[in-house]
Structure formats: C-alpha cells, structure tokens
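Note sheet for the following structure.
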Amino acid sequence: MINRERTLAGIALALIGNSRSLTAPERVVASQAVKVAGPEVDAARMGIMVGGDPLGADFSIVRSPVTRRQMGATYTPSAIVDAMIAWTAEEGETPARVVDPGAGSGRYLTAAALHFPKAALVAVEIDPLAALLLRANAAVLGFADRLQMHVEDYRAISLPKVNGPTLFIGNPPYVRHHEISEEWKRWFASTAAAHGFKASKLAGLHIHFF
C-alpha cells in the first residue's frame, strides 16, 4: 500500500474503534495501516458529521481513475445520491433491507440509513480499503449496528429472505465485456436463463449488476 492509503486505513480504524468484526481482507489492510494523529482523525469525523464523505473523496484521489475504472468503481456525487434516495422514499413502500452491491465508501447506504432508520443495511464491496472507509462512516453516524459487510464480488453472495421489501440501490459498475472473465460470462448467461431471460456474454458488468 502507498503511504496515503496506509494513512486512510489508519484514520478509518481510529474512527471504527472496535475492529473485531472486520473481514479477513479488511484485516490485511488494517495490518498495514499507520497510526494517525488526533487532529486528522477529528477533521475526518467532523467532515462526516456535517454530511460529507472526506474519506471517500480522498480515496478517489489516491486510487487513480485508471485503477478504479478496472473495477468499475465510480464515486457518485452527493446530489445524485440524495435525489435517488428521495425518489425511493417517495414510492411509499419502506424497505426492510437496503443492499448496495458496489458500496464503495457507503454514500448510498449512508443516505439510506438516514431515510430508513429501521432498515437492515447490506454493503458489498470488493475493495477492502473502501470497505474500511464505509465502516468508519457508519461508526461516526451511528448505523454500524445495522450494517452487514461483504468484502467480495457481489455476484458471489447469497442473501437470505427477509420480511418485507428489499431496496437495491447504487451506481452500477461500468466495465466492458472484454475485461470480464469467461467464468463470469458463463455465470451471467446461466443466471439470466434461470430467471427466464436471454443474456449475451457481450454484456458489460453493469448488466451483471441488474
């Protein structure tokens, strides 16, 4: 990890406090984190409390656009997040669970946590550093006890049934089919067929998302 990534991990860990629930990939990142001075941690906490995502913004800088593009990681502006959450809230059916299959630092789940205070929150994020940042946001804003984290590919997880509707929300990962493995292309075709749909293996990753 480069120095700023180690620093980001250190800030996140300081904000999380209790790290016993970290997944194995997150623990690897945590083991490389550097101890961060109090003022930097306090500044991040304040930025989160006033509605910002300072850790996610910093992550978008230290991880180059080229690197993030390979994983389909796009950090959505808050105005778009707020508009989408407001639209779902106006639909009139309160979700029992909110799932973001590409959660990043948790911009959608943070907004959902505020709008749906009783909903369970499920984050799926393949990048363990981003997952730590999401946990930090959840710890500061008080929804960590409702958060379930999966640090893996969203196509590999299985969600249990819940009583009530599930809201899937997020920014689909845009990766062209050339960069998708044959294994996942086969998964996409067979999964779509099982639901009664025809699916092309030339589809981009955002179609896998849907």
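The values are calculated or read from the model by the stated rules, or taken from the named source; none is laboratory data. Quick caveat: nothing in here was measured; it's all calculated off a predicted structure. Don't worry about glycine lacking a Cβ; one is built from the backbone with ideal geometry, like all the others, and counts go over all protein chains shown.
Being modelled with pLDDT of 90 or more and either buried (at least 21 other Cβ atoms within 10 Å of the Cβ) or not in a helix (DSSP H, G or I) (or both) is the requirement here; does residue 56 meet it? Considered against the rule, which asks whether it is modelled with pLDDT of 90 or more and either buried (at least 21 other Cβ atoms within 10 Å of the Cβ) or not in a helix (DSSP H, G or I) (or both), residue 56 comes out as yes.
Note on segment 66-102: among residues that are among the charged types (D, E, K, R) and assigned to a loop (DSSP other than H, G, I, E, B), the one that is modelled with the lowest pLDDT is 91. Just checking, how many residues over segment 165-200 are at positive phi and surrounded by 13 or more Cβ atoms within 10 Å (Cβ to Cβ)? Qualifying residue count, segment 165-200: 1.
Residue-wise test of (1) over 30 Å from residue 113 (Cα atoms); (2) hydroxyl-bearing (Ser, Thr, Tyr); (3) touching a residue at least 12 places away in the same chain (Cβ under 8 Å); (4) out of contact with any Pro (no Cβ under 7 Å at 6 or more places or on another chain).
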position	(1), (2), (3), (4)
151	no, no, yes, no
162	no, no, yes, yes
165	no, no, yes, no
171	no, no, yes, yes
176	yes, no, yes, yes
194	yes, no, no, yes
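Residues in segment 5-23 that are surrounded by fewer than 20 Cβ atoms within 10 Å (Cβ to Cβ) and within 14 Å of residue 127 (Cβ to Cβ): 5, 23.
Scanning segment 1-17 for residues that are of a type in the set (A, V, I, L, M, F, W, C) and over 19 Å from the mean Cα position of the chain (by Cα) turns up 1, 2, 14. Of the residues in segment 192-202, none is in contact with a helix residue (DSSP H, G or I) (Cβ under 9 Å, 6 or more places away or on another chain) and within 16 Å of residue 153 (Cβ to Cβ). Counted as qualifying within segment 103-210 are the helices (runs of 4 or more DSSP H) with 1 or more residues that are among the aliphatic types (A, V, I, L, M) and at pLDDT 90 or above, namely 107-115, 128-141, 182-194. In segment 12-35, the residue that is modelled with the lowest pLDDT out of those that are farther than 15 Å from residue 2 by Cβ and outside any helix (DSSP H, G or I) is 19.
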